[in-house]
Amino acid sequence: MQSGRERKSDTCGPGVTETESMTFLIAVFLRLGVTAFGGPAAHVSLMEDEFVSRRRWLSREEFLDLLGATNLIPGPNSTEMAIHIGYRRAGWRGFLIGGVCFILPAALIVTLLSWVYVRYGSLPQAAGLLSGIKPVIMIVIFQALWRMGRAAMKTRALLAVAIGCALLNAAGVHELAVLMAAGITAVFIVRLPSRTAAALALPLGFPYAAVSLSATAAPFSMAALFLFFMKVGSVLFGGGYVLLAFLRADLVDRWRWLTEAQLLDAIAVGQVTPGPLFTSATFVGYLLAGPWGAAVATIGIFLPAFVFVALSIPLLPRLRTSPTFAAALDGINAGSLALMAVVSWRLGATSLTNWPSLLIACIAAVLLLGYRVNTTWLVLGGAAIGLLFLR
């Protein structure tokens, strides 16, 4: 195992300074933040390609362990993956660089779109952009699922766990419940005592208790805005559509800070811009209090992710050295990939529906699999085709 300083010094290759190494790390995560379209599954796929296949900063097994860990804590999974990877590469400075640089491009883009929305009363059309990007993203996801699946499915039993998780999630079972079942099943597979499995499941129930706490009505203020989004970031599992339910209950129904149409526009902005979907909070904050509101809402919803990752960092090595938790983590990794596969199937069903999208997907597959073209260029190329020909 290399020391933190050694890891830093080889970020750009031999002979570079630590400052140059940090600058390179910033550039990598900023570029990823600009090109990471398509939601958490796509973001994870892009990170796997960038940091495992190309740069080899992590082994595929290490990457899967981080993915399993992020699925067990609230907040945006792809942002938490960026934070974890930054920490693995450059310690606590990398911890901040990974998260902030992945979030920042999306937050700035959403702030700009919010200004346009407030000034002109509508959003720029993004249908063409998405039509070109989604087929490329599907190929990236399928490739990552294949590579990570080969590493995660160590036994036939784990493959069976993954299939069961996919069926449960497709039937509507909540993502966290699926992951709990995967971990407990994997523990039973290695024939550990049932009370050990129960002890593993117990702490995972706490987020549900937090979710059940209803917010109290309050007049608008910056403090109320920050505390609301910090609460959401602290308890939210399940991505953008679950975020919609949370925001609607308080901001539209209970407090009437937003209209239904404004909230739907906020979710749409989070989906059509690169980076984490949670930047919908940036849009909401801007509508309510301008640029400062956007900043406060963004910090509020993402701050818990940094806290949860910081708390989980010292636990991961211990989990792998414990046979019980190692088995559970193997099951959770299999379940995480199953959830990713279900999301990808649904995305593919809405993305690959006509001959232009199928043609773009085929070209992307040839360039990615046959010529190893960087995914950044593929995404940008898909976006350009969409803007030029699919509007």
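The values are calculated or read from the model by the stated rules, or taken from the named source; none is laboratory data. Values in this document were obtained by computation on a predicted structure and should not be read as measured data. Note: ideal-geometry Cβ built from the backbone for every residue, glycine included; neighbour counts use all protein chains shown. Surface accessibility is based on the protein's heavy atoms, side chains included, excluding ligands, DNA and RNA. Shrake-Rupley method; radii C 1.70, N 1.55, O 1.52, S 1.80 Å.
Observations
- Residue in segment 243-259 that is outside any loop (DSSP other than H, G, I, E, B), under 24 Å from the mean Cα position of the chain (by Cα), aromatic (Phe, Trp, Tyr) and modelled with pLDDT of 90 or more present: no
- Screening the candidates 342, 373 for the property of being in contact with a helix residue (DSSP H, G or I) (Cβ under 8 Å, 6 or more places away or on another chain) and not in a helix (DSSP H, G or I) yields one hit, 373.
- Residues that are among the hydroxyl-bearing types (Ser, Thr, Tyr) and open to solvent by 60 Å² or more (accessible area, probe 1.4 Å), drawn from segment 339-391: 350, 353, 371
- Hey, residue 319 touching a Leu at 6+ places or on another chain (Cβ under 9 Å) and buried (at least 16 other Cβ atoms within 10 Å of the Cβ) or not: yes
- Test: residue in segment 174-186 that is farther than 20 Å from residue 325 by Cα and either modelled with pLDDT under 80 or outside any helix (DSSP H, G or I) (or both): yes
- Among the candidates 262, 271, residue that is open to solvent by 10 Å² or more (accessible area, probe 1.4 Å), modelled with pLDDT of 80 or more and of a type in the set (S, T, N, Q): 262
- Of all the listed residues (281, 310, 289), the sole one being of a type in the set (Gly, Ala, Ser), open to solvent by less than 10 Å² (accessible area, probe 1.4 Å) and in a helix (DSSP H, G or I) is 281.
- When segment 292-307 is filtered for residues that are aromatic (Phe, Trp, Tyr), closer than 13 Å to residue 99 by Cα and open to solvent by 20 Å² or more (accessible area, probe 1.4 Å), only 306 remains.
- The set of residues in segment 322-333 that are of a type in the set (A, V, I, L, M, F, W, C) and crowded, with 21+ Cβ neighbours inside 10 Å comprises 327, 328, 329, 332.
- Screening residue 336 on (1) open to solvent by 20 Å² or more (accessible area, probe 1.4 Å); (2) assigned to a helix (DSSP H, G or I) shows it passes everything except condition (1).
- Test: residue in segment 327-344 that is farther than 25 Å from residue 228 by Cβ, more than 21 Å from the chain's Cα centre (by Cα) and at pLDDT 80 or above: yes
- Lone unmet requirement of (1) among the aliphatic types (A, V, I, L, M); (2) part of a helix (DSSP H, G or I); (3) at pLDDT below 85; (4) open to solvent by 40 Å² or more (accessible area, probe 1.4 Å) for residue 201: (4)
- Taking each residue of segment 326-344 that is free of Cβ contacts under 8 Å to residues at least 60 places away in the same chain and closer than 17 Å to residue 315 by Cβ and looking for partners that are of a type in the set (D, E, K, R) and part of a helix (DSSP H, G or I) with beta-carbon atoms closer than 9 Å, six or more apart or interchain, yields 326/320.
- Subset of segment 134-163 (residues that are β-branched (Val, Ile, Thr) and part of a helix (DSSP H, G or I)): 136, 137, 139, 140, 141, 161, 163
- Out of 386, 348, one residue alone is over 21 Å from residue 146 (Cα atoms) and either in a helix (DSSP H, G or I) or among the hydroxyl-bearing types (Ser, Thr, Tyr) (or both). It is 386.
- The helices (runs of 4 or more DSSP H) found entirely in segment 29-133 that carry 3 or more residues being open to solvent by less than 40 Å² (accessible area, probe 1.4 Å), over 19 Å from residue 143 (Cβ atoms) and of a type in the set (Phe, Trp, Tyr) are 77-120.
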